[in-house]
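The values are calculated or read from the model by the stated rules, or taken from the named source; none is laboratory data. Everything numeric here is computed off the predicted structure, so don't read it as measured data. Cβ: placed from backbone, ideal geometry, glycine included. Neighbour counts: every protein chain shown.
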Amino acid sequence: MNRKFQAKLEDLAVDLYAGGELPEELEEELEAGAFNDPELCHDMVTLRQTVEALRRSEDVAYTEESHQRILMRIYAEGFDIRPKRPTPNYLQFHLPICG
Amino acid sequence: MQDSLRESQTEKRWLTALSEGDVSAMGGLFELYGERIFRYTYRMLRNRTDAEDATAETFLRVLKRSGELRADGAFRTWLFRIARNLCIDKMRQHRLIELPPDAVTSGAEDRTALKVAVQQALAELPLEYKEPLVLCDLEDMPAREAAEVLNISVPALKSRLYRGRRALRSKLGGVVEKSDEP
């Protein structure tokens, strides 16, 4: 096996390690192998940290206002899709109380 | 497991009703997927108004083509594909008229600097890297399904995903490492 191919396999192992896709025993073996290889160790650690940071990074807020605005756009095209969730009071127009 | 089985049975019921002309069945499908499609479009476009538009348009397209629906399990992939195409169209428009994305820091004082840095770096990645990261790492979509949404093979998806993660690391520089320091 030539060095170039071996390096590619090592990169793939690091990619799988970073995404948590390696079986446990292979993960342990790779970690043991990286113990005396600072370059490999750095590659593994930083890539895994990147993936973890990405997975933790998202906090897209799906607000009630967005939900209602999307429905309004659909209603405006003439489709009454009747959501199963009622519109909250604060987003409804109140009629004046007479009498 | 139980939840996903229940979800797929519910989806089948709504799809059958919709394909038979019951437009109100879309309410159920919207409850199932509306939020996920909004999150996906927001991650792609980084702009709330555009994401709301793209989400509404995704469901409108389904409604307009409801006669073609089949309850064969491919609905979710199809839905994401429609949303993806709409996002790409919007991104093209943005390139022409330079609409600004929502500022990633606005109204989010509690976000850490790392979160902001990651989102900025993700937004700057080329689309071919950004899409697999959004679908696989943020949407938690299985590789086979993500490949179908992007209309590429699973090996091609994995290759883009792995390159994308490395590109993201390069964009972040040492930010991730520093954030782990005590």
Filtering the range B:35-51 down to residues that are out of contact with any Phe, Trp or Tyr (no Cβ under 9 Å at 6 or more places or on another chain) and within 9 Å of another protein chain (Cβ to nearest Cβ) yields B:R43, B:T49
Only listed residue being small (G, A, S) and either in contact with a Phe, Trp or Tyr (Cβ under 7 Å, 6 or more places away or on another chain) or over 21 Å from B:M141 (Cα atoms) (or both), chosen from B:A25, B:A74, B:A54:
B:A25
Limited to the range B:52-93, what total is found for residues that are among the small types (G, A, S) and within 14 Å of another protein chain (Cβ to nearest Cβ)?
4
Does the range A:2-23 include one or more residues that are modelled with pLDDT under 90, outside any loop (DSSP other than H, G, I, E, B), surrounded by 11 or more Cβ atoms within 10 Å (Cβ to Cβ) and more than 7 Å from chain B (Cβ to nearest Cβ)?
no
Residue check for A:V51: of a type in the set (A, V, I, L, M, F, W, C), at pLDDT below 90 and more than 19 Å from B:A25 (Cα to Cα):
no
Restricting attention to the range B:91-114, which residues are within 22 Å of A:E58 (Cβ to Cβ), at pLDDT below 85 and in a helix (DSSP H, G or I)?
B:H94, B:A113, B:L114
Matching helices (runs of 4 or more DSSP H) fully within the range B:122-182 where at least 1 residues are surrounded by 19 or more Cβ atoms within 10 Å (Cβ to Cβ) and in contact with a Phe, Trp or Tyr (Cβ under 7 Å, 6 or more places away or on another chain):
B:143-150, B:154-172
Out of the range A:24-62, which residues are of a type in the set (G, A, S) and away from chain B (no Cβ under 14 Å)?
A:A32, A:G33, A:A34
